[in-house]
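Each remark here refers to the structure printed beneath this line.
The values are calculated or read from the model by the stated rules, or taken from the named source; none is laboratory data. Computed from a predicted model, the values in this text were never measured in an experiment. As a convention, Cβ positions derive from the backbone with ideal geometry for all residues, glycine included, and neighbour counts pool all protein chains shown.
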Amino acid sequence: MSKVLYIVANPGTEETSYSLSIGRAFLNAYMSNNPTDDIIELDLYRMTVPLIDADVLSAWELLKGEGSFDSLTAIQQQKLVSMNTLTDQFINADKYILVSPLWNLSIPPLLKAYIDTVVIVGKTFAYTANGPEGLLKGKKGIHIQARGGTYSGDKSFLEFGDSYLRTIMGFLGIDMMDSIIAEGMSYSPDKADEIKLAAIRMSQSAAKEMAGV
C-alpha cells in the first residue's frame, strides 16, 4: 500500500476550475485502480501554510547556535511545528499529485509557500561533495495544470509554473511523470469542453500508469 499526497492549489471549486476537475478525474481513476492506498488530500487554500518569514528565519538562527526549542517565542514554536509537520508528512509519502492553475506565468503563491516548507536541507535534500542531492529518490509525482492561454511549443519560455515544479521535485529526487496540461480554454472558449475532456482522458491514462496498472 502506498501513501499518496493529493495537493491542490486553487481557491475555486471543482465545478468551476479546469485544474481541479481534471485533478479529481485523475484521483478517481487512481483510486479505482489502487483502492487500498492511503490518500491524503491537502487543499492549500483551505488550510494554513506557513511562510518563511522573520519569525522562522530568526528561530532557525537561534537553533543553529546555543538556543533550544524552549527558548523560542510561542509564535516561533508554532510556525516551526507547523512546518515540520508538513515536511514530515511530505517525506512519508510515496507519491505526489500536484494540481494548480497557471497564474501570471507561474504557480499560485500558496503552492510556492508549501514548496518552501518542504524543501529543507537535511530532510528532503542534502549538500554533498558533488553538490546538492535529493533525499526522496524512489518516489513518484505528477503535475496537473490548467492554462487559459497556450504556452507550449515556441511560447514555452513564458511558462514558469510546470517547469518550476518539475525542476524542484526533481531536485528532491522525485521521479516526475509527464505533466497533464490543459491549455487554450480562454483563447478558444468554443473548444474549452473538448480541451478539458482530452485532458481528463490523459489524466485517467496517467493515473493507471502511476497506480502501476
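Quick notes on this one:
- Subset of the stretch 137-181 (residues that are touching a Phe, Trp or Tyr at 6+ places or on another chain (Cβ under 8 Å) and at pLDDT 95 or above): Lys139, Lys140, Gly141, Ile142, Ile144, Ala146, Met169, Phe171, Leu172, Gly173, Ile174, Ile180
- Some residue of the stretch 1-13 being modelled with pLDDT of 95 or more, touching an Asp or Glu at 6+ places or on another chain (Cβ under 6 Å), over 30 Å from Gly184 (Cβ atoms) and basic (Lys, Arg): yes
- Residue match in the stretch 118-128 (condition: touching a residue at least 24 places away in the same chain (Cβ under 8 Å) and either among the aromatic types (Phe, Trp, Tyr) or over 29 Å from Asn34 (Cβ atoms) (or both)): yes
- Taken over the stretch 163-211, the criterion of being at positive phi and out of contact with any helix residue (DSSP H, G or I) (no Cβ under 8 Å at 6 or more places or on another chain) is satisfied by Gly173 alone.
- Scoring Ala54 on the criteria (1) of a type outside the set (D, E, K, R); (2) over 20 Å from Gly161 (Cβ atoms); (3) touching a residue at least 60 places away in the same chain (Cβ under 8 Å) leaves a single failure, condition (3).
- Within the stretch 54-69, the set of residues being among the acidic types (Asp, Glu) and surrounded by fewer than 10 Cβ atoms within 10 Å (Cβ to Cβ) comprises Glu66 only.
- For first residues located in the stretch 35-49 and farther than 15 Å from Leu98 by Cα, partners that are among the β-branched types (Val, Ile, Thr) and not in a helix (DSSP H, G or I) and lie 6+ apart or on another chain with Cβ distances below 7 Å form the pairs Asp37/Val4; Asp38/Val4.
- Sub-7 Å Cβ pairs linking a first residue in the stretch 15-34 that is under 17 Å from Ala211 (Cα atoms) and touching a residue at least 24 places away in the same chain (Cβ under 8 Å) to a second residue that is in a loop (DSSP other than H, G, I, E, B) and not hydroxyl-bearing (Ser, Thr, Tyr), at least 6 apart or interchain, are Asn33/Val213, ordered by first then second residue.
- The one condition in (1) under 17 Å from Val4 (Cα atoms); (2) at pLDDT 95 or above; (3) not hydrophobic (A, V, I, L, M, F, W, C) that Gly212 fails to fulfil: (2)
- Checked against the criteria, Leu135 does not count as within 15 Å of Asn104 (Cβ to Cβ) and surrounded by fewer than 18 Cβ atoms within 10 Å (Cβ to Cβ).
- Helices (runs of 4 or more DSSP H) wholly inside the stretch 101-213 containing at least 3 residues that are touching a strand residue (DSSP E or B) at 6+ places or on another chain (Cβ under 7 Å): 162-171, 192-211
- Residue in the stretch 59-73 that is more than 23 Å from Asp162 (Cβ to Cβ), of a type in the set (Asp, Glu) and assigned to a strand (DSSP E or B) present: no
Yes or no, residue by residue, for (1) surrounded by 14 or more Cβ atoms within 10 Å (Cβ to Cβ); (2) under 14 Å from Tyr18 (Cα atoms):
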{"position": "Thr117", "(1), (2)": "yes, no"}
{"position": "Gly122", "(1), (2)": "no, no"}
{"position": "Ala129", "(1), (2)": "no, no"}
{"position": "Gly161", "(1), (2)": "yes, no"}
{"position": "Tyr164", "(1), (2)": "yes, no"}
{"position": "Met176", "(1), (2)": "yes, no"}
{"position": "Ser186", "(1), (2)": "no, yes"}
{"position": "Pro189", "(1), (2)": "no, yes"}
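- Residue match in the stretch 166-182 (condition: basic (Lys, Arg) and touching a Gly at 6+ places or on another chain (Cβ under 8 Å)): no
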